1. Go through the stretch 28-40 and give me each residue that's surrounded by 14 or more Cβ atoms within 10 Å (Cβ to Cβ) and either out of contact with any Phe, Trp or Tyr (no Cβ under 6 Å at 6 or more places or on another chain) or of a type in the set (K, R) (or both).
2. Looking for whichever is modelled with pLDDT under 95 and among the small types (G, A, S) here; the options are A98, A116. Which one fits?
3. Only one of (1) of a type in the set (S, T, Y); (2) assigned to a helix (DSSP H, G or I); (3) closer than 20 Å to G17 by Cβ fails for S41. Which number is that?
4. Quick one: how many residues across the stretch 96-149 are in contact (Cβ under 8 Å) with a residue 40 or more places away in the chain and among the charged types (D, E, K, R)?
5. Which of the following residues is closer than 29 Å to K141 by Cβ and surrounded by fewer than 11 Cβ atoms within 10 Å (Cβ to Cβ): R94, R112?
6. What number of residues within the stretch 46-70 are touching a Leu at 6+ places or on another chain (Cβ under 8 Å), touching a residue at least 40 places away in the same chain (Cβ under 8 Å) and farther than 15 Å from L32 by Cβ?
7. Given (1) at pLDDT 95 or above; (2) surrounded by fewer than 13 Cβ atoms within 10 Å (Cβ to Cβ), where does H130 come up short, assuming only one miss?
8. Checking S70 against (1) farther than 23 Å from S124 by Cα; (2) loosely packed, with under 11 Cβ neighbours inside 10 Å, only one condition comes out false. Which one?
Amino acid sequence: MDTIPEIYYIGCMRPTGKPQVLEERRLRAIRLLEEGHSYRSVAEQLQSSLSSVVRWHQAHQKDGKKGLRSKPTPGRPPLLSEKQKKKVVDILLRGSLAYGYQTDLWTLRRVRDVIAKEFGVVYSVPHCWHLMVGFGWSCQKPVKRAKERDEEAIRKWKRWVWPQIKKN
């Protein structure tokens with residue numbers, strides 16, 4: 001049995017994935033329909049909507065394989081290439097201290113400034129958030145702890161004192 005290529009869904013939007021992976025998915029739908037499977041069973045097997053399977057079938061009947069080709073993604077092309085995005089991730093992984101900031105904390109403004117300095121591309125702060133999410137990064141808040149904190153005393157208190165208090 002064919003393995004289904006990995007395709008990601010974001011809400012109700014079209015699945016993301018490389019164009020050739022999406023095309024292969026459509027071709028697989030046509031093969032299954034030609035084998036006698038129903039629209040509904042093909043949709044379930046490919047984790048697709050019923051209307052998409054019907055639309056693919058109609059496009060195939062009208063234009064053949066050409067009707068199943070991927071169309072370019074609408075919208076403005078990205079300002080950073082994939083290679084540049086990888087370089088941004090490398091910079092971020094080195095830490096903000098290595099890039100001359102006084103704290104080891106990446107803020108969206110800092111990310112924006114580094115991208116502008118390195119690549120001459122100026123993004124808005126909210127768009128930097130979209131880039132970070134695209135890199136698989138998430139918002140992290142630093143843990144605030146007192147400088148005078150005594151980890152050994154805390155560990156002992158949790159081990160010996162807290163159980164006694166908890167019993168009462």
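The values are calculated or read from the model by the stated rules, or taken from the named source; none is laboratory data. Note that the structure is predicted; figures quoted are calculated from it, not measured. All Cβ positions, even for glycine, are placed from backbone atoms using ideal geometry, and neighbour counts span all protein chains on display.
1. Matches in the stretch 28-40: R28, I30, L32, L33, H37, Y39.
2. Step by step, each of A98, A116 is checked, and only A98 is modelled with pLDDT under 95 and among the small types (G, A, S).
3. Result: S41 passes all but (3).
4. Count: 0.
5. R94
6. Count: 1.
7. Going through the list (1) at pLDDT 95 or above; (2) surrounded by fewer than 13 Cβ atoms within 10 Å (Cβ to Cβ), H130 breaks only (1).
8. With (1) farther than 23 Å from S124 by Cα; (2) loosely packed, with under 11 Cβ neighbours inside 10 Å applied to S70, the lone miss is (2).
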